[in-house]
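Participant: This structure is in structure tokens; I'll ask about it shortly.
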Amino acid sequence: MSVQAESLRVELGEFVLGPLSLEFPTGSVTAIVGANGCGKTTLLRAVCGVQQLALGHVRVNGCTVHSMHEGKRAARMAMVVQRPTVPFGLSVRETIELGRLTLPHAPSAIDRALHETGLTELQHQSVATLSEGQRHRTAFARALAQRNPELHMVTIDEPTASLDPVWSVAMSALLPTWAAEGVAILVATHDLAFAAACCDRAVLLDRGAVVESGAIETVLTQEKLSMLFGTRFTTVHGLTAIPVPMPWWPGRTTMGAK
């Protein structure tokens, strides 16, 4: 089972994404990597059905996403945006419960999402009092609460952007576990260590086009990222189970620091 984007093309003014064809197997976590403005967020929005397509289609378990009824689409996919809109008048728990608006009432699913994101002790606190990172975890918990037998795809835009190191590591452990439940998870990220830690596949995007896609060990390499970003990368060992290409920072050396 997989999520399939076939001949997908999006036109946003002068920017064009695609046409591209990609397959995201359920049970996998795929990193979408590329420079600012290359189309990562647009790709996530397109596969979730919230971005209008100029051409092509996206299928989840054989069903075309853009023709699905909104309720059916909410049952089959979850989306966590980079800057989630969180209703400040609600508590943490009430906000997470929004993830099940079109699904059967399931308090145990809410409890599980709270536990997995470390928010159990904050569940009755107003969202308005939370830090940026805590609000982002709340939005992620809302997606976790959408668990149901029909859920096959989750997209997450910059999951570690507002998280501290402890929760970045926790998130990297949680995503493969969630994917193993039969979900295809797509992650747009600039955090290459995070991608190496939890993703098994990667897609490189450049100005709306797919440069390469495949197993993360073969796609996320020093040479390919140096070409993609136009800057020098080096390979760091020991951060994750696989070597991690990271940008080379020459600043202190060139400034004469000892």
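Participant: In terms of modelled amide H atoms, which long-range or inter-chain residues lie less than 5 Å from the amide H of Leu12?
Facilitator: Placed amide hydrogens put Leu17 under 5 Å from Leu12.
Participant: Could you work out [θ]222 nm for the chain from helices alone, using -39500 (n - 2.57) per DSSP H run of at least four and dividing by all its residues? Round to the nearest 500 deg cm²/dmol.
Facilitator: Numbers: 10 runs with 83 residues, N = 258.
Helices in the chain give a 222 nm mean residue ellipticity of -9000 deg cm²/dmol.
Participant: Once you charge only the Cβ atoms, +1 for Lys and Arg and -1 for Asp and Glu, what is the size of the charge dipole of the chain about its Cα centre, to the nearest 20 debye?
Facilitator: Values: 21 positive and 22 negative charges, 41 e Å.
Here the size comes out at about 200 debye.
Participant: If we count other beta carbons within 10 Å of each Cβ, what is the order of Phe229, Phe24, Phe88, fewest first?
Facilitator: Details: Phe229 18, Phe24 24, Phe88 12.
By the 10 Å Cβ count, ascending, the order reads Phe88, Phe229, Phe24.
Participant: With 30 Å as the cut-off, how large is the P(r) tail for the range 2-254, expressed as percent of Cα-Cα pairs?
Facilitator: Numbers: 8654 of 31878 pairs.
Counting every Cα pair in the range 2-254, those more than 30 Å apart make up 27 percent.
Participant: Rounded to the nearest 0.05, what FRET efficiency is calculated for Thr64 and Ala241 with R0 set to 35 Å and r the Cβ-Cβ distance?
Facilitator: Details: r = 37 Å, r/R0 = 1.06.
E(calc), rounded to 0.05, equals 0.40.
Participant: For Gln125 and Thr234 in the same chain, what is the full-extension length gain: residue separation times 0.36 nm, less their Cα-Cα distance, in nm?
Facilitator: Between Gln125 and Thr234, full extension yields an extra 34.9 nm.
Participant: Is any residue of the range 1-32 close enough, with backbone N under 15 Å, to a label point placed 7 angstrom from the Cα of Ala180 along the Cα-Cβ axis, and if so, which?
Facilitator: 27-29
Participant: Something else: Return the single residue from Ser67, Ser172, Ser91 with maximal mean-square fluctuation; model: Gaussian network over the chain, springs between Cα atoms under 10 Å.
Facilitator: Top of the fluctuation ranking is Ser67.
Participant: Cut-off is 10 Å between beta-carbons; in what order do Thr231, Thr221 appear when sorted fewest neighbours first? Please report the intermediate quantities before stating the final value.
Facilitator: On the way: Thr231 11, Thr221 17.
Exposure proxy ranking, most exposed first: Thr231, Thr221.
Participant: Test of understanding: ordering Met77, Met246 by Cβ neighbours within 10 Å, fewest first, what list do you get? It would help to have the intermediate numbers written out before the result.
Facilitator: On the way: Met77 27, Met246 16.
Ranked by crowding around the Cβ, least crowded first: Met246, Met77.
Participant: Only Cα pairs within less than 10 Å get springs; with that Gaussian network setup on the chain, which residue of Thr26, Thr129, Thr64 has the largest fluctuation?
Facilitator: Highest fluctuation of the listed residues: Thr129.
Participant: Follow-up. Determine Rg/Rh for the range 18-84; Rg is computed over alpha-carbon atoms and Rh is the Kirkwood hydrodynamic estimate from the same atoms. Please list the in-between numbers first.
Facilitator: Working: Rg = 12.3 Å, Rh = 13.1 Å.
Across the range 18-84, the Cα-based Rg/Rh ratio is 0.93.
Throughout, read-outs are computed from the coordinates displayed, never taken from laboratory work. Just so it is clear, the structure is predicted and the values come from calculations on it, not from any experiment. Neighbour counts are summed over all protein chains in view; Cβ atoms, including those assigned to glycine, are modelled from backbone coordinates with ideal geometry.
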